1. Specify whether the C-alpha gyration tensor of segment 32-165 places it in the rounded, prolate or oblate class, a ≥ b ≥ c being the square roots of the eigenvalues: rounded for a/c under 1.5, otherwise prolate if a/b is larger than b/c and oblate if not.
2. Given the options ALA348, ALA17, ALA229, which has the most mean-square fluctuation in a GNM of the chain, springs set between C-alpha atoms less than 10 angstrom apart?
3. Which residue fluctuates most in the GNM of the chain (Cα springs below 10 Å): SER320, SER193, SER310?
4. Answer with one residue from GLN101, ALA115, GLN145: the one whose Cα lies farthest towards the positive end of the charge dipole of segment 85-152, charges on Cβ with Lys, Arg +1 and Asp, Glu -1.
5. Jot down the per residue volume, in cubic angstrom and as a whole number, of the convex hull over the alpha-carbon atoms of segment 204-338.
6. Summing -39500 (n - 2.57) over the DSSP H runs of n ≥ 4 in the chain and dividing by its residue number, what mean residue ellipticity at 222 nm do you reach, to the nearest 500 deg cm²/dmol?
7. Over the residues of the chain, compute the C-alpha Rg and express it relative to 2.2 N^0.38 Å.
8. Do any GluC sites (Glu not before Pro) in segment 1-76 lie in a loop, going by DSSP, with at most 15 other beta-carbon atoms within 10 Å of their beta carbon, and if so which?
Amino acid sequence: MIVRSFYLKRQFAGRIAALCTEDVIAVIRPERAIESLFSEAISVTIDRKKNASAQMESIKEYFYSLEEAPSYREKVDTILDTVSGYLREAMYVQTERNAIQDYVMAKCARLCAEAIGTKAHGRLLDGTELMICHSVQHFDWQQSQAQIRERCVPGLIIPGGYGRLTTGYIVRVGKDGAHLMASLIGATLEAESIEFYVDGRAFQSEAAMTYDEAAHYCSQEHAAFASSAVWPAKNAGIPIVVKDITDPSFEGTLISSTSSHSTAVIVDRELDLITVYGTGLLGRIGMSGAIFSTLAQAHVNVRFIAQTSSEYSISFAVKSAEKDRCVYAIQSLFKDNPLLPLDDVVVANQEVGIVTVFGSRMRNLPGTSAAIYNKMGQAGINIIASAQGGEELSISLVVKAADVEKASALLQ
């Protein structure tokens, strides 16, 4: 048995259906184009308090273009009527925006899976019945695995990306719940392999990677899938093959426990390095916890952390779009908390990028860091901050935004 995960793109619907054979469990997630149409319908109804009939008509045309079977189009009409009714009710009832978004997008995923299921003559199983969550951020592995063992068999088509709280509410599962669901199903049922079909060659020319290398690669913002999708397969020892839906001749990139003895470079752009420093930080227990708890409450995602043993400063990188919110949150922490009389603490920021070199070839190889730093020095590139994981799989270098491309090219 093979588990396959797809982003449904309209032009590849027939190709995807052909890959959903009797020995396959397929997980389907909508492409961004149709998700954007649903988001627009939500915005028109909830934010502008207007009828989203034009948007719903465009949505119906999209799904009608996927499959002509009358039975499928009847399901489209029924589900879209349900969505329209839900949005009209939500217009007048105070409901959290995320709850509305998750419910509607789960219906979108359902319609995509229905289209592929009709084409492939497969049986549909609602993914929200498999992924069990205790809260929006608390995914229950054991209960979800129990549901998978009980209900999943080859030949199923499953809408992915969404689960259900124990209270019954539908929630989005992680950053990339469709691939995560496929990985969890494959691991639970001990599949022969798990295949992620993406739009383009996600790992460029790499023929093979270890699970850890893939997780590093997928940490970049626009990765083909989230690194969380790797872990269920890794824990079960099930190989993942990343394939390009646009090029059936491409054999794909194999992700497994076998070392590839290679290195690669990834780049994070449009970042700001925030540095908090001053003698007021010295010896103050819990300061790092207070700072990062404050950032979490402000919904700021930290991409990089570096702190010296002197305890005089701590630096972290955030997306430039989150910089102002980040700085305001930190300054408020010092200003409003009477337990932190840190008048001498300074918060500074500068535009940067992060170039990360990673790969299993770096492990236990003396001189790797020296070679990297020497290259930067010879090219006149100043390294503002750096960090290396104790697993010896990656080194991240923070450089000025203007030096990112040059540094990346030198390390390729």
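Read the figures in this text as sums done on the coordinates, not as results from a lab. Given the structure is predicted, the values throughout are model-derived calculations rather than measurements. Glycine also receives a Cβ, built like all others from the backbone with ideal geometry; neighbour counts cover every protein chain displayed.
1. Oblate is the answer for segment 32-165, as a/c is 1.5 or above yet b/c matches or exceeds a/b.
2. Checking each option, the largest mean-square fluctuation is seen for ALA348.
3. Result: SER310 has the largest fluctuation of those listed.
4. ALA115
5. On the way: hull volume 20.9 nm³, N = 135.
For segment 204-338, the hull spanned by Cα atoms encloses 155 Å³ per residue.
6. Details: 13 runs with 159 residues, N = 412.
Estimated from H runs of four or more residues: -12000 deg cm²/dmol.
7. 1.10
8. On the way: sites: GLU22, GLU31, GLU35, GLU40, GLU57, GLU61, GLU67, GLU68, GLU74; in loops: GLU22, GLU31, GLU67, GLU68.
The qualifying sites are GLU22, GLU68.
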